[in-house]
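Enquirer: Before anything else, here's the structure in question.
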Amino acid sequence: MLSFTNRTLLCKHFSIHRNCSSHSAVKANQRILTELPTSSNAELKKCKSEIRKRAKFFSVAETRESEDLRTDQQLIALKKPPIVVGNSCSLLHAYLQLSKCRLTALIACTAVSGFVMSPAFSSAPSSLFAACVVGTALLSASASTCNNVIERQHDSQMRRTRSRVLPVGRLTPVHALLFAAATGTTGLGILCLSCNHLTSALGFINLALYAGFYTPMKRRHHSCTWIGAVVGAIPPLMGYAAVTGRLDSAALVLGALLFSWQFPHFNALSWNLRGDYATAGYKMMCVTDEGLCRRTTLRHSFVLLSLCSLCAPLTHLTTWTFALTSLPLNASMLFLAFQFYSNPDKRSATNLFRFTLLYLPVLMTLMYVSKDMCPKEEDSFVEGIRSCRERAEAAFLRIKSFEKVVV
């Protein structure tokens, strides 16, 4: 056995040659002293090289162990320090992340589709077009920022969202709320002053639905998907109303197309992320009811086919040519949706999601090419509403005159 003196010398020798913290050195001393050869004191010199090797090994092991104790969020925060107000580039990048710039760009494009599909698009000034796009984009940025603020604690639990600005602490929630208030107020002001009151009202409703209803409902019930689909269907109505100042059956068909498109799009996206959603406590359809998720995907793919083949031409949104040109696109969507329904796995969900990204711009292009250039001034939907209103007013006047006679 090694004498007490030699054991002390070994510890001293290790502490001189260690390459780690004092805590690591103590733990390594204990491990080494229990594993060293103990035949005689003459083996002390032979143990020095082994001590150096093991000290290096334990140093690396302790370092890795301490790093593993850190969360991914802390590691990201170390790489992304808090933003300095004077750093305009970093601040702009943070604002773009808060706004979910890709989602905001998509929403602005859907508003453009409603703008160009309106009957009076050719006579609309370019300033009206710019105001509609900018106002819609600012409102979308405000809604997305509110969503980030509300979900900042839960975003840190998901791999897809834990590197966002608020979970890593690059901006404070108060800073983000001020940005949301500024963009929302500016967007509403632009739509109200440069477009019309109907467009600004639709924008306000959309902001309230997304931030006030859709976001909180994500952690309560899977019906949030339907609320989110309504939110996605409103921007084309805003673009249509910006030109015409009203909503007719053609505008409603356009909104219905965006409403139904979101079910195969979002269900396919969320399917591969349902583990993250479950971990963070979100009650999405893919988590609470996988069968319903698959059925709604297939069902709304059929709805898209019927909207393009019948409703769009009947409401004079497009000509009947659109029913033929959009048929291959809708057939492909239906085929991929059926694959996802019958065999829901990562591959089928990914294929469907990628196709939905291609589907929307191609469909809008075909719709614009097949646009009905000579629509009726008043369609049956508007005429029906007007007729009902006139009849109600006439009945009210008759009741009022009868009361006077009785009195």
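Enquirer: Provide a single number: the residues in region 177-231 that are closer than 20 Å to ASP155 by Cα, buried (at least 21 other Cβ atoms within 10 Å of the Cβ) and aliphatic (A, V, I, L, M).
Expert: 2
Enquirer: Could you check ALA143 against (1) surrounded by fewer than 22 Cβ atoms within 10 Å (Cβ to Cβ); (2) within 29 Å of THR296 (Cβ to Cβ); (3) under 16 Å from the mean Cα position of the chain (by Cα); (4) of a type outside the set (Asp, Glu) and say which number it fails?
Expert: Only one criterion in (1) surrounded by fewer than 22 Cβ atoms within 10 Å (Cβ to Cβ); (2) within 29 Å of THR296 (Cβ to Cβ); (3) under 16 Å from the mean Cα position of the chain (by Cα); (4) of a type outside the set (Asp, Glu) is unmet by ALA143, namely (1).
Enquirer: If I ask for residues that are assigned to a helix (DSSP H, G or I) and over 30 Å from PHE340 (Cα atoms), which ones from region 238-274 would you list? Before the answer, list the steps.
Expert: To start, the set of residues in region 238-274 that are assigned to a helix (DSSP H, G or I) comprises 238-244, 249-271, 274.
Within region 238-274, MET238, GLY239, TYR240, ALA241, ALA242, VAL243, THR244, SER249, ALA250, ALA251 meet the criteria.
Enquirer: Within region 135-147, does at least one residue satisfy the condition of being over 25 Å from GLY281 (Cβ atoms), in contact with a Cys (Cβ under 7 Å, 6 or more places away or on another chain) and hydrophobic (A, V, I, L, M, F, W, C)?
Expert: no
Enquirer: Which of the residues spanning region 287-336 are part of a loop (DSSP other than H, G, I, E, B) and within 17 Å of MET367 (Cα to Cα)? I'd like the intermediate steps shown before the answer.
Expert: We begin by selecting, within region 287-336, every residue part of a loop (DSSP other than H, G, I, E, B); these are 289, 315-317, 319-320, 326.
Selection gives THR315, HIS316, LEU317, THR319, TRP320, SER326.
Enquirer: Using beta carbons and a limit of 7 Å, which pairs, at least six apart or on different chains, have the first residue in region 215-239 and at positive phi and the second one outside any helix (DSSP H, G or I)?
Expert: Qualifying pairs under 7 Å: none.
Enquirer: Something else now. Spot the failing condition for LEU269; the list is (1) at pLDDT 90 or above; (2) buried (at least 21 other Cβ atoms within 10 Å of the Cβ); (3) more than 25 Å from PHE121 (Cβ to Cβ), and only one is missed.
Expert: For LEU269, the failing item is (2).
Enquirer: Here's something else I'd like to know. What's the total number of residues in region 318-354 that are closer than 17 Å to ARG295 by Cβ and among the hydroxyl-bearing types (Ser, Thr, Tyr)? Reasoning before the result, please.
Expert: Taking region 318-354 as the starting set, the residues that turn out to be closer than 17 Å to ARG295 by Cβ are 333-345, 348-349, 352.
Okay, now just the ones that are also among the hydroxyl-bearing types (Ser, Thr, Tyr), so 341-342, 348.
So the count comes out to 3.
Enquirer: Among (1) within 28 Å of LEU198 (Cα to Cα); (2) within 21 Å of the chain's Cα centre (by Cα), where does SER163 come up short?
Expert: Here SER163 clears every test but (1).
Enquirer: From the list GLY281, GLY291, pick out the single residue that is without any contact (Cβ under 8 Å) to a residue 12 or more places away in the chain and either out of contact with any helix residue (DSSP H, G or I) (no Cβ under 6 Å at 6 or more places or on another chain) or over 26 Å from ALA331 (Cβ atoms) (or both). Steps first, answer last, please.
Expert: Details: GLY281 fails: without any contact (Cβ under 8 Å) to a residue 12 or more places away in the chain.
Exactly one of GLY281, GLY291 is without any contact (Cβ under 8 Å) to a residue 12 or more places away in the chain and either out of contact with any helix residue (DSSP H, G or I) (no Cβ under 6 Å at 6 or more places or on another chain) or over 26 Å from ALA331 (Cβ atoms) (or both), namely GLY291.
The values are calculated or read from the model by the stated rules, or taken from the named source; none is laboratory data. Values in this document were obtained by computation on a predicted structure and should not be read as measured data. In this analysis, Cβ positions are derived from the backbone assuming ideal geometry, glycine residues included, and neighbour counts consider all displayed protein chains.
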